[in-house]
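For reference, the structure discussed in these notes is given below.
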Amino acid sequence: MSDPALAAFGSSFGAITLAELGDKTFFMALILATRHQRRWVFLGSFVALALVTLLSLGVGFGLRELLPEALLPWLAAVLFLGFGVKLLLEAQSLGRDAAQDEAVEAEQAVNAAERRRVISRPWPVTWEAFSLVFIAEMGDRTQFATVVLAAAPTFTFPGLVAGTLAGHALVTGLAVGAGRWIGQRVDERLLYRLSGGLFLLFGLAALGQALG
């Protein structure tokens with residue numbers, strides 16, 4: 001893609017969609033949507049993801065400002081390649097029931113939150129979805145992926161914001177709308193491998209830019 005904004009949008013949209021499908025936050029939204037009105041679950045979940053995304057983009061762009069411009073393509077290449085290899089290695093260690101394990105952990109977190117009180121009104125439902133998803137997303141692979149994307153000098157901030165938020169909106173919408181059907185068919189190892197391969201491609205492109 002020759003347009004930096006379009007490249008940023010497409011790359012971040014694909015990376016976030018692959019990273020979020022079958023993630024713990026995906027299953028949290030799914031479970032909450034079976035117990036409460038979907039619109040409030042979507043709202044709370046998406047706002048939480050958007051906030052973590054903006055914080056992560058800020059960290060990545062902060063690296064751009066702190067480091068010399070000549071080092072940025074090399075930094076992007078190292079981060080992309082390192083993260084891609086990490087995802088591929090993690091895929092090898094995942095069991096066949098990795099997605100189910102994520103679902104169980106998500107349900108345990110939701111049950112613990114709802115054990116304290118009965119939640120049914122819009123604001124408490126929205127807040128519950130927000131707080132659960134926000135905490136689960138901090139330190140998650142999606143957050144690291146966003147930081148790495150933001151550190152790449154070829155990607156524009158508006159393109160990354162649009163792509164990451166669109167990816168989160170799509171996956172959250174799928175979770176609250178058709179999450180149970182999708183959740184039964186998610187292959188975590190395949191998603192990890194696809195994500196790892198995508199970041200390796202990003203890394204090779206960044207390496208080509210650094211060498212050029």
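The values are calculated or read from the model by the stated rules, or taken from the named source; none is laboratory data. Everything quoted here is computed from the prediction, not taken from an experiment. We place every Cβ from the backbone using ideal geometry, glycine too, and count neighbours over all the protein chains shown. Surface areas here come from the heavy atoms of the whole protein model, side chains and all, with no ligands, DNA or RNA. Shrake-Rupley method; radii C 1.70, N 1.55, O 1.52, S 1.80 Å.
In table form, for the structure just shown:
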| read-out | value |
| --- | --- |
| Spin-label model distance (nm) - Leu88 vs Thr156, 7 Å beyond Cα toward Cβ | 3.2 |
| Probe 1.4 Å, protein heavy atoms only - accessible area per residue of the chain in square angstrom | 49 |
| Rounded Å value of the spacing that divides the Cα centres of region 1-45 and region 53-77 | 23 |
| Rel. contact order, % - alpha carbon contacts under 8 angstrom, at least six apart, the chain | 51 |
| For the chain, fraction of C-alpha pairs farther apart than 23 Å, in % | 45 |
| Cα-projected label distance for Glu65 with Ala178, points at 7 Å along beta-carbon direction, nm | 4.2 |
| Gyration tensor (alpha-carbon) shape descriptor, region 46-102, a/c threshold 1.5 | oblate |
| Over the chain: helical MRE at 222 nm, DSSP H runs n ≥ 4 each giving -39500 (n - 2.57), nearest 500 | -28500 deg cm²/dmol |
| Gain upon complete extension [Leu201, Leu55; 0.36 nm per residue less C-alpha separation] | 50.1 nm |
